[in-house]
Amino acid sequence: LSISPDGQLSYLPFELLLLNSEISTDSYLNLDYLIKHMTIYYQYKWDLTSNTTVLSSENNFLVVAPEYASSRSGLGPLKAAKQERQWLREAFDVRVLSAKDLETDRFLRKLEAHSIVHLAMHAIAPDSGEAYLVLSNESGKMERLAIQELGRSSLDDCNLLVLSACQTGLGQYE
């Protein structure tokens, strides 16, 4: 099932729709959810469906999952990001950026050279609306990369960019 949600429908988890309206159980695990019967694909940008490029691991796949040291800012290591990086390494032929490549200018150049990019990192979305990604370089110094700066990058060759980070679903719907 392919779904192209619009507006407020993009907040609805279609996987949790019930196929049977009769609830005869005390456990949520036993309910007849849509996800139990079919795979669900979301299309948020229609032109992705008309793109004839086939995405595969041979498409120059980059994984970015910085190693964060514990800091006073409260941004410590991300265990799940480390697991994502390991799983992607085992499942696909990927390139993983080293800490020396995680200085902002170098990082953006590396992104521009890949067709598939998976970012598993800290992301901060303060109320001010000035969201940013947190990079951690070789010396352990953390740098901010404003989302606007990422948006201004030349990602013409990037067919798929995945942001796996905290706070990516925050904000108000407008």
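The values are calculated or read from the model by the stated rules, or taken from the named source; none is laboratory data. All figures in this text were calculated on a predicted structure; none of them were measured in a lab. Positions of Cβ are backbone-derived with ideal geometry, glycine not excepted, and every protein chain shown enters the neighbour counts. The accessibility values were calculated without ligands, DNA or RNA, using every heavy atom of the protein model including side chains. Shrake-Rupley method; radii C 1.70, N 1.55, O 1.52, S 1.80 Å.
Observations
- Scan the stretch 130-168 for residues that are in contact with a strand residue (DSSP E or B) (Cβ under 6 Å, 6 or more places away or on another chain) and at positive phi and the total you get is 1.
- The number of residues in the stretch 103-130 that are under 19 Å from the mean Cα position of the chain (by Cα), under 23 Å from Ser70 (Cα atoms) and surrounded by fewer than 18 Cβ atoms within 10 Å (Cβ to Cβ) comes to 4.
- The set of residues in the stretch 131-141 that are more than 21 Å from Glu84 (Cα to Cα) and open to solvent by less than 60 Å² (accessible area, probe 1.4 Å) contains only Ala131.
- Note on the stretch 1-21: among residues that are open to solvent by 80 Å² or more (accessible area, probe 1.4 Å) and either at pLDDT 75 or above or in a helix (DSSP H, G or I) (or both), the one that is farthest from Leu160 (Cα to Cα) is Leu19.
- So Asp93, is it within 14 Å of Val63 (Cα to Cα), modelled with pLDDT under 85 and charged (D, E, K, R): yes
- Filter result for the condition that a residue is modelled with pLDDT of 85 or more and either over 18 Å from Ser139 (Cα atoms) or part of a loop (DSSP other than H, G, I, E, B) (or both), over Leu75, Leu55, Leu62: Leu62
- Filtered by the rule that a residue be assigned to a helix (DSSP H, G or I) and closer than 26 Å to Gln148 by Cβ, the stretch 86-121 gives Ala99, Lys100, Asp101, Thr104, Asp105, Arg106, Phe107, Leu108, Arg109, Lys110, Leu111, Glu112.
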